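Taking it in order: structure first as structure tokens, then the write-up.
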Amino acid sequence: MVSETLRRPARDRRLTIMSAPRRPRPADASASGTGPEEAGCPAPDRTPDLRPVEGPAADEELAALAKAIAHPARVRILRLLVRRGACVCGEIVDELPLAQSTVSQHLKVMKEVGLIRGEVDGPRVCYCVEMRTLRRLKALVASL
């Protein structure tokens, strides 16, 4: 006897290719500090990060962030999100030679440490880089 779940047609579990509408960026966007918020993501926290870059707490933070980008696929995802400068919903799966479930797992790891933010938009999740955390990672690495 075939179970009811085997009779159901398989659903395509790939993320739908959609992204937030992009607004035109000014020519001096990089100089003015505008970033993902211009392209549909929530405005990043621009307050200066005054936490120390040395010491036990900073070392643990650096280790956690480094672990989150310790896989080539995660580095590529992070670069994709930074390069797009917009919330990305489904294009990540299409850019990588990985299954959707694998990409989701990589996104989960980076989201847990705060490198990216996932906003639920109906049946999809749109991802943006958390620029404050990325700046913090850069500062911690620069202090080595």
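Applying 1/(1 + (r/R0)^6) with R0 = 30 Å to the Cβ-Cβ distance of ASP59 and ASP121, what FRET efficiency is obtained, to the nearest 0.05?
The formula returns an efficiency of 0.25 here.
List the residues whose amide H sits under 5 Å from the amide H of ILE116, counting only those 5 or more places along or on another chain, with H placed 1.01 Å from N in the peptide plane.
Here LYS111, GLU130 satisfy the definition.
What ³J(HN,Hα) values, in whole Hz, does the Karplus curve 6.51 cos²θ - 1.76 cosθ + 1.60 give for region 108-119 when θ = phi - 60°, with x put for Gly and Pro?
Once rounded to whole Hz, the list reads 4, 4, 6, 5, 4, 8, x, 6, 10, 10, x, 9.
Between LYS108 and VAL141, how many nm apart are label points set 7 Å from Cα along the C-beta direction?
Using points 7 Å along Cα→Cβ, the separation is 2.6 nm.
For ARG83, ARG132, what's the fewest-to-most ordering of other Cβ within 10 Å of each Cβ?
Least to most surrounded, the residues fall as ARG83, ARG132.
Counting other beta carbons within 10 Å of each Cβ, put THR47, THR133 in order, fewest first.
THR47, THR133
We did not get these values from a lab; they are worked out from the coordinates using the rules stated. Not measured: the values here are computed from a predicted model. For neighbour counting, all protein chains shown are included, and Cβ atoms are generated from backbone atoms with ideal geometry for every residue, glycine included.
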